[in-house]
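To start, the structure under review is shown below, and the notes come after it.
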Amino acid sequence: MNLTERISNIFPLQENVPERFRQSRIEQTEYLVDGKIHSWDGPGIEVVSPVRIAAADGGASPCTIGSFPSMTAQQAMEALHAAVKAYDAGRGPWPTMGVEKRIEHLLNFARAMKEKREEVVQLLMWEIGKNLPDSEKEFDRTVDYIIDTVEALKEMDRDGSRFFREQGVTAQIRRAPLGVTLCMGPYNYPLNETFATLVPALIMGNTVVFKPAKHGVLLLRPLLEAFAGAFPPGVVNTVYGEGAAVIGPVMESGLVDCLAFIGSSHVADLLKQSHPKPHRLRCVLGLGAKNPAVILPGADLDLAVAECVTGAFSFNGQRCTAIKIIFVHESVAERFVDGFARAVEGLKFGMPWEDGVKVTPLPVPDKPAMLAKWVEEAKKAGSAVVNEMGGRVNGSYFHPAVVYPAVKGTALYSREQFGPVAPIAVYKDISKPIRYIEHSAYGQQAALFGSDPKTMASLIDPLVNQVCRVNINSQCQRGPDAFPFTGRKGSAEGTLSVSDALRVFSIRTMVAGKDTEMNQEIFSNIVRGRHSSFLNTDYLF
Ligand code: G3H
């Protein structure tokens, strides 16, 4: 089969889907509110897989793999009120529980979660088209994140277990929860990024309402029982449905204290603005990015090609950290572009479960058409697609495209494509990529490829004040999760990492008193008698 035929025949016949990966329809009616799994009997929202099924006589049709509840404002408010009740103005059992006990609940959840690995991984492939190794990695990384969070919390708790004496005042300073937290994750990491906020929010004593992303909803269903079993009533509550119908009223109520949202800045703005008292709302946001890679004249081109291909095309470029534009110096442009295009041609495409597959169909229904439009616009502005069949569309599949030279003024040059298209721009003077970064709406990361330490240093210094991570001869990425993950300008608000996340979902609060005999007696009595979970000197090992 030639390439055109392979793209036209990318989708399998039902009988060609390996038995272990076949997906039967799931009608999700369950939702979790106030510790109980309820059954929804209203209308549902259909889940259409990016994986299509081919017909014997040609063509392929979208395949619906199930449905989930299309809730109304009423159920969303019930979920919110359950979280408000469980928090109980900070008096609830969860926010007042000692750290050791909270850790126990979370570890119970992690144990139950591990048993659902296969189901969740399978649904990651069918709901968002993520390939098998990356789906497995997403699951395992999430479990590791929970374990690492527990360790980081123990350390934080050890720091908080001592008393300070300063200028005649004795105090104990700890971190306390913020209140009711709304968590909304993105479709590209529907498990990991949802949990990257949910887990620290919970462990710090907040109560949570969470709404899964638009795609990647059913994969959280196997975990509902685990949530219900591991946490006290009302601590975790789920909401499903159209964002405007269910999240609008929740935000307008003013009862949300903390918003954790990973997605577009447009939606983040709407959510923030719908809170009646935005100054009372703590926001933790992971938003868009247009991370550039800059290839300097002395760069190791093989390494640069390999890192940029992975950076631009892992999970079809649907990562906020993806390399979304490449600036290459004119002296090495031809060699780099040729190597890059050939490497992209070597990427295996197909269904998520196939061995070695890197490029797969896209979950957002109108994405292939949008990308095709942007590529057409670039072509009209003088760019060419330099890899074979780049940009060919077959239903939900968009064949990766390398667009060269990228032209200022086109969408591909400045807007976030979040898909398998790599625009490559040429520069003569380094001021071109530097100005680009300065004027970008985003400020997450950049990648520098070069070998001369002095040149690299002269770029690192201005860049660290424009973005939050400068990657040296390496693709952009979030991990390791112990490192701070954040962005400037339109890319983020708040910092996430295993330990930073514990801070953003909590606030420093203290108990302090003048060093009088009476106060010392009160402090000692409370501590010795273990009368308070806040005021104590216990250590966690
Ligand atoms: O979509 C944004 C993710 O946080 C990226 O994470 O760099 O590990 O793929 P990653």
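The values are calculated or read from the model by the stated rules, or taken from the named source; none is laboratory data. This is a predicted model, so every value here is computed, not measured. Positions of Cβ are generated from backbone atoms using ideal geometry, with glycine treated the same way; all protein chains shown enter the neighbour counts. Remember, those area values only see protein heavy atoms, side chains included, never the ligands or the DNA or RNA. Shrake-Rupley method; radii C 1.70, N 1.55, O 1.52, S 1.80 Å.
Given points 7 Å out from each Cα along the Cα-Cβ axis, report the D461 to K137 separation in nanometres with one decimal.
Taking the two extended label points, one gets 3.6 nm.
Using only Cα atoms, locate the centre of segment 283-321 and the centre of segment 364-442, then give the distance between them in Å, rounded to an integer.
Cα centres, segment 283-321 to segment 364-442: 13 Å.
Express the Stokes-Einstein translational diffusion coefficient of segment 72-286 in µm² s⁻¹, to the nearest whole number, given a Kirkwood radius over alpha-carbon pairs, 20 °C and a viscosity of 1.002 mPa s.
Rounded to a whole number, D works out at 120 µm²/s.
Taking 20 Å as the cut-off for C-alpha to C-alpha distance, list the pairs among K324/K432; K154/K514; K358/K379; K324/K408; K85/K114 that go past it.
K154/K514; K358/K379; K85/K114
Beyond 22 Å, what share of the Cα-Cα pairs of segment 326-425 is found? Please give it as a whole percent.
Value for segment 326-425: 28 percent of Cα pairs lie more than 22 Å apart.
Using 1/(1 + (r/R0)^6) with R0 = 56 angstrom and r between the beta carbons of L535 and E388, what's the FRET efficiency to the nearest 0.05?
Rounded to the nearest 0.05, the efficiency is 0.25.
Using 0.36 nm times the number of residues separating R25 and S161, minus their current alpha carbon distance, what extension gain do you get?
Here the answer is 43.9 nm.
In the neighborhood of A322, defined by Cβ-to-Cβ distances under 10 Å, what is the net charge if each Lys or Arg adds +1 and each Asp or Glu adds -1?
Around A322, the charge tally is +2.
Sticking to Cα atoms, compute the Rg of segment 291-480 to one decimal and its Dmax as the biggest Cα-Cα distance, whole number, in Å.
Rg, Dmax (Cα atoms, Å): 15.6, 48.
One-quarter of the Cα convex hull surface for segment 233-302, in nm²?
8.4
From the alpha carbon gyration tensor of segment 1-62, can you work out the equivalent ellipsoid semi-axes (sqrt of 5 times each eigenvalue) and give them in Å, largest to smallest?
That gives 36, 12, 10 Å for the three semi-axes.
Can you put K408, K277 in order of accessible area, largest first, using a 1.4 Å probe?
My answer, sorted largest first, is K408, K277.
Against the 2.2 N^0.38 Å scaling, with N counting residues, where does the chain land? I'd like the Cα-based Rg ratio to two decimal places.
Ratio of Cα Rg to 2.2 N^0.38 Å: 1.04.
Select from V467, A79, L182 the residue farthest towards the positive end of the dipole of the chain; place +1 on Cβ of Lys and Arg, -1 on Cβ of Asp and Glu, and compute about the Cα centre.
Result: V467, furthest along the dipole toward the positive end.
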